[in-house]
1. Please give, to one decimal in nm, the separation of the simple spin-label points placed at residue 356 and residue 218, each 7 Å out from Cα toward the Cβ.
2. Among (i) 139, 41, 40; (ii) 60, 59, 44; (iii) 89, 43, 39, which is the computed Cα extents along the principal axes in Å?
3. Would you mind estimating how fast the stretch 332-376 diffuses translationally, via Stokes-Einstein at 37 °C and 0.692 mPa s with the Kirkwood radius over Cα pairs, in µm²/s?
4. To two decimal places, what compactness ratio does the stretch 93-204 give when its Cα radius of gyration is scaled by 2.2 N^0.38 Å?
5. For the Cα atoms of the chain, what angle does the longest principal axis make with the long axis of helix 34-48, in degrees from 0 to 90, nearest 10?
6. For a quick check: sort 252, 160 by the number of other beta carbons within 10 angstrom, fewest at the front.
7. Which of 102, 426 comes first, and how do the rest follow, when ranked by fewest Cβ neighbours within 10 Å?
8. Give the angle, between 0 and 90 degrees and rounded to the nearest 10, that separates the Cα long axis of helix 333-352 from the longest principal axis of the Cα atoms of the chain.
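Please treat every number below as a calculation from the coordinates, not as lab data. Since the model is a prediction, treat every value here as computed from it, not as a measurement. Using ideal geometry, Cβ is built from the backbone for each residue, glycine included, and neighbour counts are taken over all protein chains shown.
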């Protein structure tokens, strides 16, 4: 038997190490064809024999953490897709600080504890420089201690209840004064005085409804009822009976995920379609309308800071790019914010000249970002986004017709003064 020389062993070890490094780079994104890894292995083998070394691409890893399974997948998968689209576009333009962005995609599985586990994995094990993701406030609340402990930076793209202010989160989704309160202002202008509050049973709906109750009574309106169902709940028979007894003029709906499918189907079956009893939703956008079926939602209202139908040329460009990659898929507010977040992060990295989380967040609040579909936007000093509010009505096509918009972009207020007097954001 021939014995391997020390030189041969060292050469093989060097080649194996090189190949493993390439496997780590290429294996992060499953979209890269496995053939690329084979090419890298051959290149590493040649290098170990003295052939010219094939330099590995300069890369930087970022986390993408959304629910790809479970009750929230109906909403979150497409946010992941929009995030990856922005990463692809930035890479095609040369990357950031000379590095190509490699997304490390993880599934939060619609479970707050899983979000916390995956966030820690991304920061500690994968060594990502930032994370894009989250939808429910329960998932964000679960991740918050992880980012604060390890000094990471989370870009959160979804509207929420406010009442939170962390230096380790960039909040591009709407604060209450940018979504639910403008919707209430519109409803009051239309003469709706009796409002029924319905939501999923977790922090966003309960806190949002606490704020709404304060403002409804302050403005002389009536809270006709308030009900909650578990996240993912599908039985609304008891709730619908209470709605019938209360006889509200409009429902404010903070249900999340596929519970909306059951709710609107059961409302229609009970003789209460949106055309008869208006519903204002805060978590139903174009994606959910497609999944639920526009016929069930036709005539209902939604309040957001973005709609696919906005005529902004930059928005049309964004929609065209997304639909070129995902034909037939509508685009919605959280997707637009997820897309914006990547561009905002890249711009802040360039300004900071660093991937360091603390330097990036400081740079982010000193920038105005190029319009990528949301108009001219900027992060305020409290790390929340300045943005315009819209109220729209769903059409049979599944698109929304904008009925109302704020006179100007609204500065974010994390703590509603009427509901939480004296509380301010201190970073």
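1. Distance between label points: 4.1 nm.
2. (iii)
3. 306 µm²/s
4. 1.31
5. So the helix axis and the longest Cα principal axis differ by about 30 degrees.
6. Ordered from fewest to most neighbouring Cβ atoms within 10 Å, 252, 160 come out as 160, 252.
7. 426, 102
8. The helix 333-352 is inclined about 50 degrees to the chain.
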